[in-house]
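Here is the structure we will look at.
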Amino acid sequence: MAETLFFNALRAAIDEEMARDATVFVLGEDVGHYGGSYKVTKDLYKKYGELRLLDTPIAENSFTGMAVGAAMTGLRPIVEGMNMGFLLLAFNQIANNAGMLRYTSGGNFKIPMVIRGPGGVGRQLGAEHSQRLEAYFQAVPGLKIVACSTPYNAKGLLKSAIRDENPVLFFEHVLLYNLKEDLPETEYLLPLDKAEVVRPGKDVTILTYSRMRHHVLQAVKTLEKNGFDPEVIDLISLKPLDFDTIGDSIRKTHRVIIVEECMRTGGIGAELVASINDRLFDELDAPVLRLSSQDIPTPYNGALERLTIVQPEQIIEAVEKMVALRI
Amino acid sequence: MVQERTLPTFSAASTQLSKEEGLRLYEDMILGRYFEDKCAEMYYRGKMFGFVHLYNGQEAVSTGVIQAMRPGEDYVCSTYRDHVHALSAGVPAKQVMAELFGKATGCSKGRGGSMHMFSQEHRLLGGYAFVAEGIPVATGAAFQSKYRREMMGDESADQVTACFFGDGACNNGQFFECLNMAALWKLPILYVVENNKWAIGMAHERATSQPEIYKKASVFGMAGVEVDGMDVLAVRQVAQEAVARARAGEGPTLIEALTYRFRGHSLADPDELRSKDEKEFWFARDPIKKLAAHLTEQDLASQEELKQIEQKIQQEIDEAVKFAESSPEPDPNELYRYIFAED
Ligand SMILES: Cc1ncc(C[n+]2csc(CCOP(=O)(O)OP(=O)(O)O)c2C)c(N)n1
Ligand SMILES: [Mg+2]
């Protein structure tokens, strides 16, 4: 495939998996005729029919619960959250049913389903459409949580998520759908539980995910010019966290900065700090630093919104400060 | 005197019943009743814990509906009041009892308990502890049957799903959302409301603007029927019709079975709100006595034959208790097992 837009990479993943396996189907609001609110399923209903691209009424808890029932009985549903925030209405089905039912049933049923859609803070969409839900869901046992960040990893990860035998919460990001990248012509899959070392370095480990990966890489350009050499890790898997990759990096750099769009309180970063303390405390030369979104509902006003989420300047400053301390 | 809703009339003469079928219905209801009585005993003796919701009084609904299906092939979905649905679906009494005892041999391996009976083998989609959450799951199973048939060309995929829930669940959004979708897509499903007049301490009329639940089907263009839930033959007949409709691709049915629970909401409930008059009205309609009378009056069975069934079931229940008591506890080393499909 030549240069591919992010949403088309996701579309290709779904298309390939639907062609490969007749039990795979998509359900959600406007996934059929309309093609998905971000065009991820555009025209697929023409190829696979209306039952496999099932336009549902606006009833999140019920269609998510239906997907659980379909998965328990042998199908592989992909639920599209028109905006992942709407799935707050399906919290019970995601937590009690998708996440916990296999355990509660003593292994009677497995639930191979993907719940995917646009998450994150968009551009002046207001609080309800600018959520950081991954933190709410990370405590649910039995769920895998994945955040994609590039067209390449979006495609490979989504294909793996569809083939996984477990429920996978798959976060895309509203502001990344138009990224472009050259994708391989041949089929590829990416592991759901592996973090990606985006840029090897030795000064400090920057742990990030989703759109913040791009803010970090922007900061890195300046940092490189200023003579710094940070290691950038895209977590990819928010649950379980890939402590092999994270550990290798921290044993090398001994310093950690977390950059996330998540809220500070009870966020992914909070869990990371706790786990790093548990496992790697002796490796640390400095306290782990967290750059998170402010603990407020995302404001509408553009300037306020900018202040709410982490900006590249803050990342530059944090790295310079932390690395300078090494002296 | 309490004003009771008029129970729909049903003439047993209008239904075909062989001796064999009659005895099977009787046995299934006796199994449900004796099992629950034993649970109460075991609960008070400290053998089982948590919230335990018994089904006494409602047996005609589970038996009438599930015996009209193909147990083990068709799907059954229940609530927290799930022991008897599990038994009717074919889950052996010893597995259900062992689950209540929290043992490794329980149908949910001791991980579920009273409110979470599951059996993949018997197509029991589960006991769901949150009110109404089973309705979407069952609807998904019904969607799956349609999908296999229409998208995967599987002609044998004519399975029907029966989804049981209470009157209280009918005021929840999932009920309305799923009725809408099931009617829209003509899904092969029976929504079976066991209207026992109470949702814990909330009287049905105090919770809903239209107490006749079956009428709610009409706004979705769905078949809705009310039935005397204390008459297993009546329930079986409406279920047979609904199953036939579902298998023929004609869509879902909402069945409102008027019934009553003979015990408190759960074994922890002091049951102080329901009046003596009301209880007497319903106790006089014991579904097991009703079927017994019909079978003997119609010369389909003798008292002796019914006795034999009762003795056989009593023995089965006693064996279930022995099995549960002597079964091993779950292995502590398997605390983390069953979280993911690979475990
Ligand atoms: C979502 C949710 N809310 C509240 C409860 C507590 N609760 C358990 S059973 C019940 C009443 C349900 O009544 P009904 O649906 O009529 O079923 P019944 O118990 O009569 O069989 C309530 C409120 C619950 N289990 N789940
Ligand atoms: Mg009730």
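Each reported figure results from applying straightforward, stated rules to the coordinates on display, with no laboratory input. Keep in mind the model is a prediction, meaning the values are calculated, not measured. Here the Cβ is made from the backbone with ideal geometry for all residues, glycine too, and neighbour counts use every protein chain on show.
Judged by the ratio a/c of the largest to the smallest principal axis of the C-alpha gyration tensor, the range A:286-327 counts as oblate, that ratio being 1.5 or greater while a/b is no larger than b/c. For chain A, the longest principal axis of the Cα atoms and the long axis of helix A:6-20 meet at an angle of about 40 degrees.
Just check the range B:198-241 against the gyration tensor rule for me: Cα atoms, a ≥ b ≥ c as the square roots of the eigenvalues, rounded for a/c under 1.5, and otherwise prolate or oblate depending on whether a/b exceeds b/c. Oblate, because a/c is 1.5 or more while a/b does not exceed b/c. Put +1 on the Cβ of every Lys and Arg and -1 on every Asp and Glu Cβ in chain B; which of B:Leu233, B:Phe143, B:Leu7 then has its Cα farthest towards the positive end of the dipole? The residue sitting most towards the positive pole is B:Phe143. Relative to the current alpha-carbon distance between B:Thr15 and B:Asp271, full extension at 0.36 nm per residue lengthens the span by 88.5 nm. Amide hydrogen proximity for A:Arg290: with H placed 1.01 Å from N in the peptide plane, the residues at 5 or more positions away or on another chain lying under 5 Å are A:Ile258. Residues whose amide H lies under 5 Å from that of A:Gly117, counting only those 5 or more places away or on a different chain, are A:Gly81, A:Phe170, A:Glu172; hydrogens are built 1.01 Å from N in the peptide plane.
Look at A:Met66, B:Met42, A:Met113, A:Met322 and count the other Cβ atoms within 10 Å of each Cβ; fewest to most, that gives B:Met42, A:Met322, A:Met113, A:Met66. Placing unit charges on the Cβ atoms only, positive for Lys and Arg and negative for Asp and Glu, gives chain A a dipole magnitude near 120 debye about its Cα centre. Cross-link pairs exceeding 21 Å between alpha carbons, from the set A:Lys47/B:Lys146; A:Lys155/A:Lys252; B:Lys197/B:Lys312; A:Lys39/A:Lys110; B:Lys109/B:Lys312; B:Lys19/B:Lys307: A:Lys155/A:Lys252; B:Lys197/B:Lys312; A:Lys39/A:Lys110; B:Lys109/B:Lys312.
Sparse packing (at most 16 other Cβ atoms within 10 Å of the Cβ) combined with a DSSP loop state is found for the following GluC sites (Glu not before Pro) in the range B:146-221: B:Glu155, B:Glu212.
Residues A:Asp295, A:Asp234, A:Asp30, A:Asp203, arranged from fewest to most other Cβ atoms within 10 angstrom of their Cβ, appear as A:Asp295, A:Asp30, A:Asp203, A:Asp234. Multiplying each eigenvalue of the alpha-carbon gyration tensor of the protein assembly as shown by 5 and taking the square root yields semi-axes of 53, 26, 21 Å, largest first, rounded to whole angstroms. For the segment A:245-252, counting C-beta atoms of other chains within 10 Å of every residue's C-beta and taking the mean gives 0.
Projected over all directions and averaged, the alpha-carbon convex hull of the range B:240-343 occupies 13.6 nm². Looking only at trypsin sites (Lys or Arg not before Pro) in DSSP loops with at most 14 other Cβ atoms within 10 Å, what is the longest site-free stretch of chain B? Counting at most 14 other Cβ atoms within 10 Å as exposed, the longest clean stretch of chain B is B:46-343. A compact globular protein would have a Cα radius of gyration near 2.2 N^0.38 Å; the ratio found for chain A is 0.99. In the protein assembly as shown, the DSSP-assigned H stretches of four residues or longer account for a calculated mean residue ellipticity at 222 nm of -11500 deg cm²/dmol, using -39500 (n - 2.57) per stretch and the full residue count as denominator. Considering the options B:Ala257, A:Val140, A:Leu238, tell which one lies farthest towards the positive end of the dipole of the protein assembly as shown, charges being +1 on Lys and Arg and -1 on Asp and Glu at the Cβ, about the Cα centre. Of B:Ala257, A:Val140, A:Leu238, it is A:Leu238. Find, among the GluC sites (Glu not before Pro) in the range B:270-343, those assigned to loop by DSSP (not H, G, I, E, B) with at most 13 other beta-carbon atoms within 10 angstrom. Passing both the DSSP loop test and the Cβ count: B:Glu272, B:Glu342. Phi angles across the range A:168-184 convert, under the Karplus curve 6.51 cos²θ - 1.76 cosθ + 1.60 with θ = phi - 60°, into 3J(HN,Hα) values of 10, 8, 10, 8, 9, 9, 3, 8, 10, 4, 9, 5, 10, 7, 6, 10, x Hz, Gly and Pro given as x. Around the Cα centre of the protein assembly as shown, unit charges on the Cβ atoms of Lys, Arg, Asp and Glu (plus for the first two, minus for the last two) sum to a dipole of about 760 debye.
Each Lys and Arg adds +1 at its Cβ and each Asp and Glu adds -1 at its Cβ; summed about the Cα centre, the range A:196-324 shows a dipole of about 240 debye. The long axis of helix A:151-163 is offset from the longest Cα principal axis of chain A by roughly 50 degrees.
Between rounded, prolate and oblate, where does the range A:196-324 land on the alpha carbon gyration tensor, with a ≥ b ≥ c its root eigenvalues, rounded for a/c under 1.5, else prolate if a/b exceeds b/c? Oblate. Under 5 Å from the amide H of A:Phe25 lie the amide H atoms of A:Arg76, A:Ile78, each residue being 5 or more positions distant or on a separate chain, with H modelled from the backbone and absent for Pro and chain starts. The trypsin sites (Lys or Arg not before Pro) of the range A:263-327 that DSSP puts in a loop, and whose beta carbon has at most 14 other beta carbons within 10 Å, are A:Arg326.
Along its principal axes, chain B has C-alpha extents of 52, 50, 42 angstrom, given from the largest down.
Once the mean of 1/r is taken over each pair of separate Cα atoms and inverted, the range B:69-174 shows a Kirkwood hydrodynamic radius of 14.1 Å. If you count the DSSP beta bridges with both ends in chain A, what percent of them are antiparallel, to the nearest 5? Close to 20 percent.
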